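Undergrad: Below are the structure tokens for one structure; questions will follow.
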Amino acid sequence: EKGGFPDFMLKEIYEEPRTIRDTLAGRMVNGHLQFDELSLNYDELAAIDRVYIIACGTSYHAGLIAKNLIEAWSRIPCEVEVASEFRYRNPIITPSTLVVAVSQSGETADTLAAIRDARIKGAKVFGITNVVGSPVARESDGVIYIKANKEIAVAATKSFLGQVAALTLLAMLLGQLRGGLTTAQIRMLFREMADTAQHIEQILADTSAIEEAALACKDAQNALFIGRGIGSTICYEGALKLKEISYLHAEAYAAGEMKHGPIALLDEGFPVIVVATKSPTYDKVISNIQECKARGALVVAIATEGDEEIKKHADHVIYIPKVRDCFSAITASVPLQLFARDIAIARGCDVDQPRNLAKSVTVE
Ligand code: M6R
């Protein structure tokens, strides 16, 4: 049932192009976004003045990406919070608050508790989940299903991409309702997001640079992931993937924070994985790479195809196809997942069933 793959994690990474295609299927009809199952009251939705995205683990990281898009396109303030914190404080929730609960399994205890609490306080709750009829789906006012099919490996991979795609659609919808995006822009964004399925296929067709970089880092004790903007949000997920399956200590930082502490960690050969795709802050990221190199770090850069310059700065370069910055969240996550898996395999770990972890956390 692993379909010829050595483990479920790898099989599920190779299912990512399909996840993107399936999650987007039927969402654009005659040039308009389609969310029939939400039975949306557009007036109600247009009156939303605050969005909370509530989730745990990898799903929380998908939320971090979505915050950037929701605020950029709709100008509605959006906070992302881990469910176990949200449920025990007293967040500002009113009937014009939209709570978006993100959960692959749809049964995470803290996320469910947060949904219940938010509804009692009068918020509108949308669930984003992979499991039809799951508690998150049943207890939300509306649900958007990601179409990742069953995910067996404990480490979330394809479901993360499905979540990012579904949340991006929601951000587009809010942008449209608030006049931040025109219909033409929505169509263009949708098309470009759909194209990421092919970009992922291209990444999966040649993974040699990822394997080489992983080989160079496999014996390290620690690793740091840095980036800026969307790049920093992907780093959090890259670091989580690495630590959970390879037991290598990994941390993620917004690259601008390096001088405020983490740069003290660096010495000869310390692996620093940098998301250095072409983005509005590309030059700043290059400066961060130079600072790391000056301290002897081993730099692995995820970069945009055609960027020859970066070879002068990084020890290993993993190229990915050029996409609009917001969609690099989808494409750049793929090499980070493979990188984590390659290191875990090299260290002899069971990638599908990491120690101490369960696929869904149904108790606190
Ligand atoms: O099913 P959920 O999305 O609610 O699960 C939340 C986390 O437990 C989950 O994302 C976890 O962090 C991943 N399995 C890590 O790869």
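Undergrad: Among Val82, Val164, Val285, rank each residue by its count of other Cβ atoms within 10 Å, from fewest to most, as a rough exposure measure.
TA: On the way: Val82 17, Val164 30, Val285 27.
Going from sparsest to densest Cβ surroundings: Val82, Val285, Val164.
Undergrad: Can you pull out the trypsin sites (Lys or Arg not before Pro) in segment 74-104 whose DSSP state is coil and whose Cβ has at most 13 other Cβ atoms within 10 Å?
TA: Sparse-neighbourhood loop trypsin sites (Lys or Arg not before Pro): Arg75, Arg89.
Undergrad: Can you pull out the chymotrypsin sites (Phe, Trp or Tyr not before Pro) in segment 72-108 whose DSSP state is coil and whose Cβ has at most 16 other Cβ atoms within 10 Å?
TA: On the way: sites: Trp73, Phe86, Tyr88; in loops: Tyr88.
Answer in residue order: Tyr88.
Undergrad: Please identify the GluC sites (Glu not before Pro) of segment 1-100 that satisfy two criteria: DSSP loop assignment and at most 14 other Cβ atoms within 10 Å. Which are they?
TA: Of the GluC sites (Glu not before Pro), the ones in loops of segment 1-100 whose Cβ has at most 14 other Cβ atoms within 10 Å are Glu1.
Undergrad: Membrane-span-like helices in the chain: DSSP H runs reaching 27 Å or more (Cα, own axis), mean Kyte hydropathy at least 0.5?
TA: Correct list, ordered by number: 158-177.
Undergrad: How are the Cα pair distances of segment 70-180 distributed, in percent, across 5 Å bins from 0?
TA: The calculated distribution, bin by bin, is 2, 12, 21, 24, 21, 13, 5, 1, 0.
Undergrad: P(r) tail for segment 247-301, what percent of Cα pairs lie past 14 Å?
TA: 51 percent
Undergrad: When the helix-only estimate is applied to the chain (DSSP H runs of n ≥ 4, each -39,500 (n - 2.57), divided by the residue count), what is the mean residue ellipticity at 222 nm, nearest 500 deg cm²/dmol?
TA: -13500 deg cm²/dmol
Undergrad: Sorted from fewest to most neighbouring beta carbons within 10 Å, what does the list Phe5, Phe270 look like? Don't jump to the answer; show the numbers that get you there.
TA: Details: Phe5 14, Phe270 19.
So the ranking, lowest neighbour count to highest, is Phe5, Phe270.
Undergrad: Kindly flag which residue pairs out of Lys11/Lys67; Lys11/Lys359; Lys150/Lys322; Lys241/Lys278 have an alpha-carbon separation exceeding 27 Å in this structure.
TA: Working: Lys11/Lys67 29 Å; Lys11/Lys359 17 Å; Lys150/Lys322 30 Å; Lys241/Lys278 23 Å.
Among Lys11/Lys67; Lys11/Lys359; Lys150/Lys322; Lys241/Lys278, the Cα-Cα distance tops 27 Å for Lys11/Lys67; Lys150/Lys322.
Undergrad: Could you work out the mean projected area of the convex hull around the alpha carbons of the chain, in square nanometres to one decimal?
TA: Details: hull surface 69.5 nm².
Taking a quarter of the hull surface, the average projection is 17.4 nm².
Undergrad: Quick one: order Ile144, Ile345, Ile226 by neighbouring beta-carbon count within 10 Å, fewest to most.
TA: Ranked by crowding around the Cβ, least crowded first: Ile345, Ile144, Ile226.
Throughout, read-outs are computed from the coordinates displayed, never taken from laboratory work. Source: prediction; values computed, not measured. Methodologically, a virtual Cβ is constructed for each residue, glycine included, from the backbone with ideal geometry; neighbour enumeration extends over all protein chains shown.
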